[in-house]
Amino acid sequence: MKRWLQQAHRLGWPAALAAVLTLAAIAGAVWLPREQAKLDAQRHTITARRAALQPRAANVIPTDDGRALAASLPPDSERQARTAALMSLATELGLPWPRSEFRYQADRELGLAQYRIAMQLSGHYGALRDFVAEALRRDPALALETLRLRREPNGTLKAELAWVLHMQSAK
């Protein structure tokens with residue numbers, strides 16, 4: 001051992017560095033495959049858990065052809081009252097609506113109908129935000145299809161909103 005130390009001392013720091021690097025390489029060659037096996041096992045477990053959480057849409061066979069959805073929607077006879085509620089909410093929040101367009105579409109086969117309402121409003125951002133949030137909260141079968149905002153030089157916003165009232169179609 002003493003002889004080996006003397007020889008290492010004669011060779012200097014390059015030999016010591018080479019010895020340390022060689023030992024590190026040997027340790028890495030032993031340690032890395034074990035760690036890789038652990039990581040592969042964890043990856044397999046995570047993949048299995050993720051697959052268990054994902055719904056199996058391909059195996060789901062609809063049995064009611066949308067009838068349950070149609071039955072959960074308000075009837076078409078409430079269309080005018082729902083439209084009036086939407087318009088009065090805008091008025092309550094101080095949002096003038098100079099122009100609106102309406103379009104009705106029904107799919108008698110599915111028993112579903114859509115009533116599209118296009119509105120143009122003017123007001124401040126907070127009032128427009130509150131209007132959209134409150135309208136969606138009050139009518140669960142209402143959907144906001146599009147929203148376009150344009151800021152005017154005086155600080156107000158011009159908003160174009162497209163709503164869809166979903167409902168059961170008239171028989």
Give the Debye-formula value of log10 I(q)/I(0) at each listed q (0.11, 0.12, 0.16, 0.17 Å⁻¹), with one equal scatterer per alpha carbon of the chain, two decimals each. -0.70, -0.76, -0.98, -1.03
Mean residue ellipticity at 222 nm from the helices of the chain, using -39,500 (n - 2.57) per DSSP H segment of n ≥ 4 over the full residue count, to the nearest 500 deg cm²/dmol? -16500 deg cm²/dmol
Among PRO74, PRO96, PRO33, the residue with the largest mean-square fluctuation in a Gaussian network model of the chain built from Cα contacts under 10 Å is PRO33
When you take every Cα atom in the stretch 122-170, what is the radius of gyration, and what is Dmax, the widest Cα pair distance, in Å? 12.9, 46
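Each value in this text was obtained by applying a stated rule to the coordinates, not by laboratory testing. On a predicted model such as this, the values are computed, not experimentally measured, just so you know.
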